[in-house]
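Take a look at the structure below.
The values are calculated or read from the model by the stated rules, or taken from the named source; none is laboratory data. Only a predicted model underlies this, so the values are computations on that prediction, with no experimental measurement involved. So basically every Cβ, Gly included, is an ideal-geometry build from the backbone, and we count neighbours across all protein chains shown. Side chains included, ligands, DNA and RNA excluded: accessible areas come from the protein's heavy atoms. Shrake-Rupley method; radii C 1.70, N 1.55, O 1.52, S 1.80 Å.
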Amino acid sequence: MKKTLFCFLSVLISPLIALTQVTTENDSITRLNEVIVIDTLTAKNAIGIVPSQIIGTTTFSNYSPVDFISSLNQVSGLYALSGALNTNRITIRGVGSRTLYGTDKLRLYYNNIPITNGTGSSTIEAFDLENLTSVEVIKGPKGTGFGTNLGGSIILNTKQLSDQPTKLTNNTTIGSYGLFKNSLGFTHAQDNFYMTFQYGHMEIDGYRENNRFERDGYLLNTIFKLSEKSELGLLVNHIDYSAQIASSINEEDFNDDPTQAAFTWKASQGYEDNNYSLIGLSHTYYASSNLKNTTSLFYTYLDHYEPAPFNILDEYTNGYGLRTLFSGNLDILKNSIFYTFGGELYKDEYNWQTFENLYEENDGNGSLEGDKLSQNKEFRHQFNGFATASYSFTPQLTAQLGLNINKTQYDFRDLFNLGESNTSANRNFKALFLPSLDINYTLSPTNQLYANISRGFSNPSLEETLTPDGIINPDIVQETGTNYELGIEHESKDNRHKFNIALYVMPIKNLLVAKRVGDNQYIGRNAGKTKHQGIDFDWSYKFNVTDKIEISPFISYTYSNHKFIDFIDDEANEDYSDNDLTGVPKNKINSGIRTNFGNGLFLHITHQFVDEIPLTDANSLYSDSFNLLNFKLGYKNQISEQLRVGLDFGINNITDTRYAQSVLINASGFGGNAPRYFYPGNNINYYGGVKINYTL
């Protein structure tokens, strides 16, 4: 398989390099050139001279509006695993692959407001794809102004065109497994005011048992222009969703009947119920043509209730903070230094309690709350200070220096146990100083060579910070690593042909390991070093077959050669050094062809290949590799000057492949049961939609 892939890539890349002299391409999966957004400081401004990767409406339209994860997987270097609509885990260049549940070791932003919680956990499923205009991905710690997490950062952007007419939009989608999704939007703009309001509802029974998902949410995004130099923005986002949990299953059950839920989760009728709110107030001030500041105040609230077979978790989190960023330039020696500096303060108060789950005594009616087992509170504080300065030494050569300072503190309060059994404690991590250096060299008007050296970190998660007894583990320290990256970016003059190739190496020390010792019980520890190295490759091309028919092929390829360098499991008396990093496919390919027929008719065909994934640190068990093929046919027509209508129909997993859409690494079996490694992906399924756009 490996030889076949390398042969395929060598055949592919050779003509692509030759095509750098050809100037015929347009759409790209890495840029969103057709959307001009209100300028309240995009991530691109704060990153500087090294490219990030942006996907937008072009990429989103390749898939069902339910399928946010497939859109993300079109980004090279990123692999998003999805056990269900409410169970997602995002890894970037292998970082985060050892996280058992959820997404951590990267930082998530919503319109530049941080929405990652105090221990580094992010829940991307709390946001509706149809509310977004673009998603920007910073791979690795080179985003100095966005946290310098080892995995990088993801910025979700809802900003719309600033000069849109007043209009109503409605998109309705129905499909397999009882899918119904409706998104209603209203947009209005005038000289000094802009607003958009969107309401969405979705429900789906799911492919598996105990798999129903239901979500309601709304988004309000407004901009008030106070003067020529000042504007005020208000963002309100609220999501209310409930999701049954089918959980992972063992290999035998996966092969026999992938639709079944894990036995205990089915018996307890396990689920989660969430209310999530985000309120952000931002102010942008243009002090002069050389200086701008954007400052945001924000508040987040999460109310989470989850009856699981082992206990019932009832928790809520209040988070708040401030982010400010100055950007500008100074003229020095007939040239300019472009700079940014600012800070980000985030605090949250996390309250949680657990109860016995008496589902076995509830006559088959599912979960039943019993006696309280614990009650805890944690105060979490995180500060990021950052600054960058870039200078062009020649018209071709630009360099940028950056520095990020991180300070993290946890204060844990045991409100349940008294006396000597009380486990209250606090943990104050030492301040980290994380520098970066970027270099960009213009080879020609269409080709740029870039390089990056940057330091990054990852904080321990809550599970890694606490022992199963609820005691803070004083031996846990933060992961740290250095990213070394070299890349070339090509964009033809007419914007039709684009590609980007990046090679990177990132050694990480003090690897954080969460070892499972019981049902939902883990011990965290630092267990050695890893080396993350690989290649990210993205290519797109657009050409016209006739005056009306336009074809746009694209491909993103990820090669991940991630290894344990120094990893000894003392308890198992095993040396896993030189083994492949658990939870990461060595090869991932996302490709497709977009065809527009010029009369409103379009056809999108997309393909994904995911290589086998090592499931154990010993590399003794792997998931099977798989290929997925999707199809989408649609039609758009301007009925009148005011009314535009679109229809689409899609088929996912056309070949009805049985595959694991997510996996659980190093799973253990308890009570004589086989370990549960696999989250089955959906079988062949269908969807269709109607979109109406009416200008008032």
For labels at ASN573 and ASN561 in the simple 7 Å Cα→Cβ model, what's the distance in nm? 3.4 nm
Can you return the lysines within cross-link range of LYS225? Criterion is Cα-Cα under 18 Å, with same-chain partners fewer than 8 residues away left out. LYS159, LYS292
What is the P(r) of the stretch 386-431, as percent of Cα-Cα pairs per 10 Å bin from 0? 20, 22, 18, 14, 12, 9, 4
Label corresponding to mean projected area of the Cα convex hull in nm² when calculated from the structure given, among (i) 58.9; (ii) 46.1; (iii) 30.6: (iii)
Cut-off 12 Å between beta-carbons: net charge of the residues surrounding LYS372, Lys and Arg +1, Asp and Glu -1: -4
Using only Cα atoms, what is the ratio of the radius of gyration of the stretch 106-213 to 2.2 N^0.38 Å? 1.32
With the cut-off at 1.5 for a/c, could you classify the stretch 242-389 from its C-alpha gyration tensor as rounded, prolate or oblate? prolate
Loop GluC sites (Glu not before Pro), the stretch 226-302 (other Cβ atoms within 10 Å of the site Cβ: 10 or fewer; DSSP): GLU228
Only sites in a loop by DSSP and with at most 15 other Cβ atoms within 10 Å count here; which chymotrypsin sites (Phe, Trp or Tyr not before Pro) in the stretch 552-627 make the cut? PHE597
Cα-Cα over 18 Å: which of LYS105/LYS139; LYS531/LYS586; LYS407/LYS529; LYS139/LYS632? LYS407/LYS529; LYS139/LYS632
Evaluate the distance, in nm, between pseudo-label points positioned 7 Å from the Cα of TYR316 and of ASP656 along their respective Cα→Cβ axes. 4.8 nm
With a 1.4 Å probe and every protein chain left in place, work out the accessible area per residue of the stretch 336-396 in Å², rounded to a whole number. 49 Å²
Once you have the Cα-Cα distance between LEU330 and ALA431, take 0.36 nm times their residue separation minus that, and quote the gain in nm to one decimal. 33.4 nm
Kirkwood-based Rg to Rh ratio, the stretch 246-301, C-alpha trace: 1.50
Quick one: accessible area per residue over the stretch 605-651, 1.4 Å probe, rounded to a whole number of Å²? 49 Å²
Using a Förster radius of 56 Å, what is the FRET efficiency between ASN422 and TYR285 based on their Cβ-Cβ separation? Nearest 0.05, please. 0.70
On the accessible surface of the chain, probed at 1.4 Å with all protein chains in place, carbon and sulfur together account for a percent value of 55 percent
Segment GLN642-PHE543, extension gain: residue separation times 0.36 nm, minus the distance between their alpha carbons: 32.5 nm
The Cα radius of gyration of the stretch 86-141, divided by 2.2 N^0.38 Å with N its residue count, comes to 1.11
Only helical DSSP H runs with n ≥ 4 go in: add -39500 (n - 2.57) per run for the chain, normalise by residue count and round the 222 nm mean residue ellipticity to 500 deg cm²/dmol. -1500 deg cm²/dmol
Quick query: amide H of GLN260 versus all other amide H atoms, modeled in the peptide plane; which residues come in under 5 Å with a sequence gap of 5 or more or a different chain? GLU209
Would you kindly derive the ³J(HN,Hα) couplings of the stretch 204-214 from the backbone phi angles with the Karplus curve 6.51 cos²θ - 1.76 cosθ + 1.60 (θ = phi - 60°), listing them in order in whole Hz, with x for Gly and Pro? 7, 6, x, 6, 10, 5, 6, 9, 6, 10, 9
